[in-house]
Each structure stands twice: as structure tokens, then as C-alpha cells.
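These notes are about the structure you will find just below.
Just so it is clear, none of the values below were taken in a lab; they were calculated from the coordinates. Nothing here was measured: the structure is a model prediction, and the numbers come from that model. Methodologically, a virtual Cβ is constructed for each residue, glycine included, from the backbone with ideal geometry; neighbour enumeration extends over all protein chains shown.
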Amino acid sequence: MNTSEPTYNYPNRMGRIVLMALEEIIGRSGVSGVLNRVDLKDYIGNYPPHNQDLNFPFKHISLILSGLETLYGPNGGRGIALRGGRSCFQYGLREFGPLFGLTDLTFRLLPLQTKLKVGGNSFAEVFNRYSDQRVEVETDAKHIYWRITRCPMCWERHTDSPACHLAVGVLQEALYWVSGGRFFHLEETHCIGRGDENCTIVIDRTPLS
């Protein structure tokens, strides 16, 4: 009887996006240093191919983010992950945006609150359809709740505080893009790595500026 834990994955091109985004922040040598540190040397100079095969394990995402904090310190690793997440969104928009109409002029002309709702659901569907990550989106009068119920960022990690900074960065840039250059307050309030049931990022629906 096979009692091993299930393996969950990103498609190769999502894994490639993460590595390319981090390379923009810390350079190729910096990424190589992180990969070497967490014993993922096979990716050095050999990023995953640009295809939809589900072969980039969640554990590798988690190890890379943990490696950032080891090499650059908790604050430095957090900052790099946030900036990397913002870069990930730009790569991902080019890859997946046209599939869900996010780059269509019709979507860009919608009222802001409609764009937040439609865009949030469409963006969640990218992960739910093309990867093993699972995202639920809920809204109330003041907030949007982005809940990751199966999360690669903190996979098999045990942390004292929320650690999915890459996801926060992705959402920061998504909101900036959707709103035409406005900023929103958002905060990860729950994290599976900390022992919570899910990873929840709470977003204020009203922009700061």
C-alpha cells in the first residue's frame, strides 16, 4: 500500500516565471546561489521549459523562498520575494492574461470595483485550472479575501509569521495594474506554514491613492 504524501506541482512555465522574476531582482548569480544553497542545483543554467507539464514541485517553490531568507536574512528575503512577486505578475499576465480576457480593452474599461471582482476570479482561475494550487476568492463590502487552500509558497514550512510574500507581491502588482496605477492596502493574516487552515491575504477594496 502506498502511503506517501501526494506531490503537487506548478506547470513548468510557472516555475520558470518564478526563477526569471527572481533573476531580475538578484541576478543570475544570486539565483544560482539560492539554488545551490537549497540543493536544487539541477536548475542552475537549466530553468524549466516553457510548457504546461505539471513538473515543478511545490516543495521547490517553498525551498527557494526559504533559501532567500537564509541567504539574505528574514527582512531581505521578504523584500526580494515581494519584488519577485510583482515581476511574476508581469510575466504571468503575458502568458495567461489573454486566455481569460484580462488584457482585452473591454475588461480595462470596466468600473474599478467590477474589475476587482472579475479580475480576482479570473486570476484565481489561472491557478485553479493550470496548477495544483487552489485559490478561493470572497468579498464583502470592504474587503477581498484571497484564500490559498493548497499553497506552494509555504509548503512543508513551519514559520512564526505569515510567509507567502511572493503571493503578496503578485497581488500588489495585479491590483496596481487593474486599477491603472493605484495602491491598495493588503496583508497576509493567516498562513498554513504558521499552522493556520489556509493562507489568507486580505485586500482593502478602496485604494489608498
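With r as the distance between the Cβ atoms of residue 141 and residue 53 and R0 = 35 Å, compute the FRET efficiency 1/(1 + (r/R0)^6) and round to 0.05.
Working: r = 42 Å, r/R0 = 1.19.
Between residue 53 and residue 141 the formula returns 0.25.
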Subject >> Relative contact order of the range 43-120, pairs being alpha-carbon contacts under 8 Å that are 6 or more residues apart, as % >> reply: 11 percent
Subject >> Eligible aspartates and glutamates near residue 41 by straight Cα distance, threshold 14 Å, same-chain separation 8 or greater >> reply: none
Original post:
Normalised by the residues of the chain, what does the relative contact order come to in percent, with Cα pairs under 8 Å and at least six apart?
Top reply: 20 percent
Original post:
Near the amide H of residue 9, under 5 Å away, which other amide H atoms are found, from residues 5 or more places off or on another chain, if H is placed in the peptide plane?
Top reply: 58, 132
**OP:** Please pull out the direction-averaged projected area of the range 11-76, using the convex hull of its alpha-carbon atoms, in nm² to one decimal place.
**Re:** 4.0 nm²
**OP:** Sort out the exposed loop GluC sites (Glu not before Pro) in the chain (DSSP loop, at most 14 other Cβ within 10 Å) and tell me the longest stretch that has none.
**Re:** 1-155
Original post:
When the chain is treated as a GNM, springs tying every alpha-carbon pair under 10 Å, which of 74, 57, 162 comes out with the largest mean-square fluctuation?
Top reply: 74
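So what's the range 9-204 giving for Rg/Rh, alpha carbon basis, Kirkwood Rh from the mean inverse pair distance?
Values: Rg = 16.0 Å, Rh = 16.8 Å.
So for the range 9-204, dividing Rg by the Kirkwood Rh gives 0.95.
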Subject >> Percentage relative contact order, the range 1-66, counting C-alpha pairs under 8 Å, at least six apart >> reply: 50 percent
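What do you get for Rg/Rh of the range 122-209 when both radii come from the Cα atoms and Rh is the Kirkwood radius? The partial results should precede the final answer.
Values: Rg = 12.8 Å, Rh = 13.3 Å.
Rounded to two decimals, Rg/Rh equals 0.96.
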Subject >> trypsin sites (Lys or Arg not before Pro) lying in DSSP loop within the range 109-209, provided at most 14 other Cβ fall within 10 Å >> reply: 142, 182
